[in-house]
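A short worksheet on the structure shown next.
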Amino acid sequence: MPVSLEVNGRTYHWPSRPTVVICFDGCDPDYIAAAREAGVVPALDRMMGQGFAAEALAAMPTFTNPNNVSIVCGAPPSVHGVSGNYYLDRATGREIMMVDAAPMRADTILARFSQAGGQVIAVTAKDKLRKALARDLAGVAFSAEKAALCTLAEHGIADVPQLVGRETPDPYSPDLSLFVLDAGIRLIAERRPDIIYLSLSDYVQHKHAPGTPEANAFMQAVDMRLAALLDLGAVVGIVADHGMTDMATPEGGANVVYLGDQLDAEFGPGATRVICPITDPFVRHHGALGGFVRVHLRRNTIGRDEVLTFLRGLPGIDLALPREEACARFDLPEDREGDIAVVGRAGVALGARAIDHDLSQLAGERLRSHGSLAEQPVPFIVSHRLSEAYVQRAKTAPLRNIDIFDFVLNGVEG
């Protein structure tokens, strides 16, 4: 095996023991703080006390796909090309949902280590991410959602429910994430892989605020799995793809600015096209509403500066940036960006037109979602002590969730 590998401009040392990176989907730091206060996460307490714990920044926009891909590439969207779950192909005018690796332009750390002879495994809650995580991976990659359908030819593994010891869970349940962790535990125990990436679901975080009985129960269940991973001798790194914010009014309704309707009223129907990049196959818990949207101009008679001025004057808008400025500020690929990027204020969801969003499935629950700057802070935890150089680096340079593989592979002492 090589001593180290270079991936997307960074060098990573070969792991000396099983190394686990967990993307704790939607885990706002407040969930950890509340669970610690409740005394239900002893393994996490141990990790944070004996290892390293801080807050980092997620990639913008704070959605699942761009951040998971950023984490496994160790690079921002400007490098790997994925800047949303859903985007408008500027060349064809088609709206595209990301369900495979087609938009990716960079190698993953997982693929490069597997190609160099390492045993690498990727397990994700939802199948929408599996093909992206498995891009060029010579190893095992599957989703909890479709675990019963795994084949050796496509996924590198079969009979996953038998391995885990239970049936595939409901995609809209906390158990989807726990299944991912249980699969990781069994695979480490049986195969001792070099690297394993476990990506969870944010079902609980969309439904339950930090400190609620449901949230703490889920945190406790996750913590039991963390203890098992540590008992198996693994180095464990935890980050999140985004935090989570309550986006409801005091009365409980969704606090939404429907930009498509606002722009139609101001500039005429069809003058603009609003794309909501949070859109994915699982919209029941957020109605495709988040804190970041893209506006594409569709008429030559409408000026971008005019639209920018209008958007900046709307209540609930934090930022409205022209494409070039948004890409420079947030490290985004220009060809995937709209003419204007719009970021909502904390607690405000952005949508296209009201008719485009079905909120009936929220069933009276408060809207909790993500996408904006308010959901950028995420936990960054390493189970083992870091070298002094990495401790100092974390103190002096901005820490990002894309740094987690660097820290667990290069920064852990011994």
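The values are calculated or read from the model by the stated rules, or taken from the named source; none is laboratory data. Just so you know, these numbers come straight off a predicted model, no measurement behind them. Cβ: placed from backbone, ideal geometry, glycine included. Neighbour counts: every protein chain shown. The area values use the complete protein model at the heavy-atom level, side chains included, leaving out ligands, DNA and RNA. Shrake-Rupley method; radii C 1.70, N 1.55, O 1.52, S 1.80 Å.
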The one condition in (1) more than 30 Å from ARG105 (Cα to Cα); (2) surrounded by fewer than 17 Cβ atoms within 10 Å (Cβ to Cβ) that GLU324 fails to fulfil: (1)
Search result, residues across the stretch 398-414 that are more than 14 Å from the chain's Cα centre (by Cα), surrounded by 18 or more Cβ atoms within 10 Å (Cβ to Cβ) and either of a type in the set (A, V, I, L, M) or on the phi > 0 side of the Ramachandran plot (or both): LEU399, VAL408, LEU409, VAL412
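Okay, residues lined up against (1) open to solvent by less than 10 Å² (accessible area, probe 1.4 Å); (2) β-branched (Val, Ile, Thr); (3) in contact with a helix residue (DSSP H, G or I) (Cβ under 8 Å, 6 or more places away or on another chain); (4) in a loop (DSSP other than H, G, I, E, B):
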{"position": "PRO61", "(1), (2), (3), (4)": "yes, no, yes, yes"}
{"position": "ALA91", "(1), (2), (3), (4)": "no, no, no, yes"}
{"position": "ALA132", "(1), (2), (3), (4)": "yes, no, yes, no"}
{"position": "ALA141", "(1), (2), (3), (4)": "yes, no, yes, no"}
{"position": "ALA153", "(1), (2), (3), (4)": "no, no, no, no"}
Close pairs from the stretch 215-241: first aromatic (Phe, Trp, Tyr), partner surrounded by 20 or more Cβ atoms within 10 Å (Cβ to Cβ), Cβ under 7 Å, at least 6 apart: PHE218/PRO174; PHE218/VAL204
Residue check, ARG186 open to solvent by 30 Å² or more (accessible area, probe 1.4 Å), touching a residue at least 60 places away in the same chain (Cβ under 8 Å) and out of contact with any Lys or Arg (no Cβ under 6 Å at 6 or more places or on another chain): no
Positions within the stretch 30-50 being open to solvent by 20 Å² or more (accessible area, probe 1.4 Å), under 23 Å from THR64 (Cα atoms) and either over 25 Å from the mean Cα position of the chain (by Cα) or not aliphatic (A, V, I, L, M) (or both), in sequence order: ASP30
Residues of the stretch 357-392 that turn out to be modelled with pLDDT under 95 and either assigned to a loop (DSSP other than H, G, I, E, B) or farther than 16 Å from ALA288 by Cα (or both), as a count: 8
Which listed residue, of VAL257, VAL239, VAL274, is under 20 Å from MET60 (Cβ atoms) and surrounded by fewer than 24 Cβ atoms within 10 Å (Cβ to Cβ): VAL257
